[in-house]
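Asks: Handing you this structure, nothing more for now.
The values are calculated or read from the model by the stated rules, or taken from the named source; none is laboratory data. Computed from a predicted structure; not experimentally measured. A quick note on method: Cβ atoms are made from the backbone with ideal geometry, for glycine too, and the neighbour counts reach across all protein chains shown. The area values use the complete protein model at the heavy-atom level, side chains included, leaving out ligands, DNA and RNA. Shrake-Rupley method; radii C 1.70, N 1.55, O 1.52, S 1.80 Å.
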Amino acid sequence: MPELPEVETIRRGLEPVLVGERIERVEQRRADLRFPFPENFGKRLTGRAIVSVQRRAKYLLAHLDDGTVLIIHLGMSGRISIIGHGRERGQLGAFTHNQGDRGAHDHVVLRLGSGTEIVYNDPRRFGLMDLTTRAALDAHPLLAELGIEPLGPDLTAEHLARHAVGRRSDLKSFLLDQRIIAGLGNIYVCEVLFRTRLKPARAAACLATPTGKPNARTAAIIPHIRDVLNEAIEAGGSTLRDYAQTDGSLGYFQHRFHVYGREGEPCLTPACRGKVRRTIQGGRSTFFCSVCQR
Ligand SMILES: [Zn+2]
């Protein structure tokens, strides 16, 4: 499942291809993904120019010249391919592949004025596309309840402490709560807690003083959240280039994690003799070292 770094990597891949281009033709090959497509989906996009490509949590937002915003979520298995883009190799989006090679799961094709085609492929169809306006964007049902962006200026020790004070839930579910921080997924929460040396099952209230002020732990966790995500975006960027040149797809990437997926392997903290353990919290795997995470 694509997490925030994958979505940001895809955004960075799409931006130079889309911005300034006009959508010449829209092929919508089915009535729904996870939800039905909005009415007149193709008609509302056709002829419009793309002004910017943003990301909010795990949503891609394409802003159009008439104030329309195209919202895209990749769900579990969504991928976006750029086909027939005529730039030289070595840049994001700089690749071509067989135009006749259309997959059964290519659900939407946007043809741009440049001749480039943007293809949305999603075998499991948990993804979605919707249209709104710039003015209504923040109130959109998918976005209205989202917490702050972990890579933006709103991620502060004060924000975390304010939400953590008196909270009975554990640290893992606190950090996964999309109403507090938007877009921090399971893998990255495990990595953040490992770096902060905090046990995932510990009470979230440990991130605040009794009066809701930040403490040393709150201050320590903030840079780890940013670093874990930024490192993954950087790794994704380089992996994506290699991947894109062979396949034409912007999609998942493999990234080396410290604890995630390393059950039974030695802890990577220097001088720690622990092994990475796996437990289930809230139905999802948690990886941690019970020796150095307290
Ligand atoms: Zn350890």
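Asks: With θ taken as phi - 60° and the coefficients 6.51, -1.76 and 1.60, list the Karplus ³J(HN,Hα) couplings across the range 221-234 in order, rounded to whole Hz; mark glycine and proline as x.
Replies: Once θ is set to phi - 60°, the couplings for the range 221-234 become 6, 4, x, 5, 4, 5, 4, 4, 6, 5, 5, 5, 5, 5 Hz.
Asks: With unit charges on the beta carbon (Lys/Arg positive, Asp/Glu negative), name the residue among Ala49, Thr286, Val7 whose Cα is farthest towards the positive pole of the charge dipole of the chain.
Replies: Towards the positive end, the residue furthest out is Thr286.
Asks: Could I ask something else about it? Residues of the range 58-76 with amide nitrogen under 18 Å from the 7 Å Cα-to-Cβ point of Arg22?
Replies: What the label zone holds, given the 18 Å backbone N cut-off, is 63-68.
Asks: Rounded to whole Hz and in sequence order, give me ³J(HN,Hα) for the range 131-146 from the Karplus expression 6.51 cos²θ - 1.76 cosθ + 1.60, θ = phi - 60°, writing x for Gly and Pro.
Replies: Taking θ as phi minus 60°, the curve returns 10, 9, 10, 4, 5, 9, 4, 5, 8, 4, x, 6, 10, 4, 8, 5 Hz for the range 131-146.
Asks: Still on this structure, please answer the following. FRET efficiency for Arg168 and Ala271, Cβ-Cβ distance as r, R0 = 41 Å, nearest 0.05? It would help to have the intermediate numbers written out before the result.
Replies: On the way: r = 34 Å, r/R0 = 0.83.
Step by step, r from the Cβ atoms, then E = 0.75.
Asks: Keeping to pairs on different chains or 8 or more places apart, tell me how many lysine pairs in the chain have Cα atoms under 28 Å apart.
Replies: Details: Lys43/Lys58; Lys58/Lys172; Lys58/Lys199; Lys172/Lys199; Lys172/Lys213; Lys172/Lys275; Lys199/Lys213; Lys199/Lys275.
Close lysine pairs under the 28 Å cut-off: 8.
Asks: Using +1 on the beta carbon of Lys and Arg, -1 on that of Asp and Glu, and nothing else charged, what's the dipole of the chain about the Cα centre, debye to 20? Intermediate results must be reported in sequence, preceding the final value.
Replies: Details: 42 positive and 32 negative charges, 243 e Å.
My answer is approximately 1160 debye.
Asks: Quick one: compute the contact order of the range 174-238, relative version, from alpha carbon pairs under 8 angstrom and 6+ residues apart, as a percent. Don't skip to the end; give the middle numbers.
Replies: Values: 37 pairs, mean separation 18.5, N = 65.
The normalised contact order for the range 174-238 reaches 29 percent.
Asks: While we're here: From the phi of every residue in the range 42-56, what ³J(HN,Hα) in whole Hz does the Karplus formula 6.51 cos²θ - 1.76 cosθ + 1.60 yield, where θ is phi - 60° and glycine or proline is x?
Replies: With coefficients 6.51, -1.76 and 1.60, one gets x, 4, 6, 8, 5, x, 7, 9, 8, 8, 7, 10, 10, 10, 10 Hz.
Asks: Using the beta-carbon distance between Glu231 and Thr156 and R0 = 25 Å, what value does 1/(1 + (r/R0)^6) give for FRET efficiency, to the nearest 0.05? Don't jump to the answer; show the numbers that get you there.
Replies: Working: r = 21 Å, r/R0 = 0.83.
So, using R0 = 25 Å, E works out to roughly 0.75.
Asks: Determine the dipole magnitude for the range 120-218: charges of +1 sit on the beta-carbon of Lys and Arg, -1 on that of Asp and Glu, nothing else is charged, the reference point is the Cα centre, and the result goes in debye to the nearest 20. Mind showing how you got there, number by number?
Replies: Working: 14 positive and 10 negative charges, 116 e Å.
So the dipole magnitude of the range 120-218 works out to roughly 560 debye.
Asks: How big is the chain along each principal axis, measuring the range of its Cα positions in Å and listing the largest first?
Replies: Taking the Cα atoms of the chain, the three principal extents are 56, 40, 30 Å.
Asks: Further question: Ignoring ligands, DNA and RNA, what percent of the 1.4 Å accessible area of the chain is carbon and sulfur? Show your work: numbers first, answer last.
Replies: Working: 6550 of 13500 Å².
C and S fraction of accessible area: 49 percent.
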